[in-house]
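What follows is a single structure, written as structure tokens, with notes after it.
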Amino acid sequence: MDDDRTAKARLRDAAVELVAEGGTKALSARAVADRAGLSQGLIRHHFGSMAALLRECDAHVAEQIREGKEQVISPGPGFDPLSALNVDGRERVVGYLAARLTEDSEHLDGLVDTLIDDATGYITKAVEAGLMRGARDERQRAAILTVFSLGSIVMHRHVARHLGVDLSSADFASQPGYLTYVRLQLEAFAALFQPEVVEQSLGYIDSMEEDT
């Protein structure tokens, strides 16, 4: 099958995959070029440096998360609670974040700040859509929720051990612990949502469990 992505996108996606699989230590110009099937010179042409390529990867992953969340919110109170956990290329996104977030450096500040800014935006939209309750300071709420969420990604191996669901798996939604995980999330964070949204969502999960 022909790959209709631009050379720049192919290099970026190759870098995301490499980081997801082996962390930033696996990232080199040769590895990225080989994975993308392109020449190393194109990395400098499109990005200027490997550091700039990594920043581009950060921005792309953040954009994928933001777009996924906004699509979930757009239907308003009739949203599908299960779709909130699905992001295109989920295993790459989670794997990338899990690897990046273990590197405690100021270079991560931009990525985390972007994720919090984006969360502030889509949480505000969720409040306006009647899904979530308002908060005194939406950005502070977005910050704490983002930190909690990123923590579960870093600890995804232990989430799998205790809850039976691998957050980094491509077949996340087909795992035995999936519906239980979604239910636990809703129950733990029920106070964030409008009561009717929680009731509707838990009822939806009940019906899904009856069908399995």
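Looking at Tyr96, Ser39, Gln64, which one has the Cα that reaches farthest to the positive end of the dipole of the chain (charges on Cβ: Lys, Arg +1; Asp, Glu -1)? Of the options given, the answer is Ser39. Give me the Debye-computed log₁₀ of I(q)/I(0) at q = 0.09 Å⁻¹ for segment 52-211, equal point scatterers on Cα only, no solvent, two decimals. Per q value, in the given order, log10 I(q)/I(0) is -0.29. Its DSSP H runs of at least 4 residues, each contributing -39,500 (n - 2.57), put the calculated 222 nm mean residue ellipticity of the chain at -21500 deg cm²/dmol, to the nearest 500. Seen against the Cα atoms of the chain and their longest principal axis, helix 109-128 is set at about 30 degrees. Given their separation in residues at 0.36 nm each and the Cα-Cα distance between them, Glu210 and Glu128 gain 26.3 nm when the chain is fully extended.
Between Gln194 and Ser39, the modelled label-to-label distance comes to 5.7 nm, taking each label 7 Å out from Cα in the direction of the beta carbon. Largest first, the extents of the alpha carbon coordinates of segment 1-68 on the three principal axes equal 32, 30, 22 Å. Across q = 0.10, 0.11 Å⁻¹, segment 120-212 modelled as identical point scatterers on its alpha-carbon atoms has Debye log10 I(q)/I(0) values of -0.31, -0.38, in the order of the q list. Excluding same-chain neighbours fewer than eight residues apart, the lysines reachable from Lys25 by a Cα-Cα span under 25 Å are Lys8. Fully extending the segment from Thr102 to His162, taken as 0.36 nm per residue of separation minus the present Cα-Cα distance, adds 19.5 nm. Here segment 114-195 is assigned +1 on the Cβ of each Lys and Arg and -1 on the Cβ of each Asp and Glu. Its dipole about the Cα centre then comes out at about 200 debye. With kT/(6 pi eta Rh) evaluated at 37 °C and eta = 0.692 mPa s, and Rh the Kirkwood radius from Cα pairs, segment 135-189 diffuses with a coefficient of 269 µm²/s according to Stokes-Einstein.
Summary of the geometry: segment 103-142 and segment 162-212, compared by the centres of their Cα atoms, lie 22 Å apart. The charge dipole of the chain, taken about its Cα centre with unit charges on the Cβ of Lys, Arg, Asp and Glu (plus for the first two, minus for the last two), comes to roughly 720 debye.
Between Ala31 and Asp117, the simple spin-label model (points 7 angstrom out along Cα→Cβ) gives 2.9 nm. Straight-line reach from Lys69: taking Cα to Cα under 16 Å and skipping same-chain neighbours fewer than 8 places apart, the lysines in range are Lys125. Which listed residue (Met50, Leu115, Ala170) has the Cα farthest towards the positive end of the charge dipole for the chain, taking +1 on Lys and Arg C-beta and -1 on Asp and Glu C-beta about the Cα centre? Among Met50, Leu115, Ala170, the one farthest towards the positive end of the dipole of the chain is Met50.
Here, each number is a calculation from the coordinates, and none is a lab measurement. Remember, predicted model here, so these are calculated numbers, not experimental data. Cβ atoms come from the backbone with ideal geometry, glycine included; neighbour counts cover every protein chain shown.
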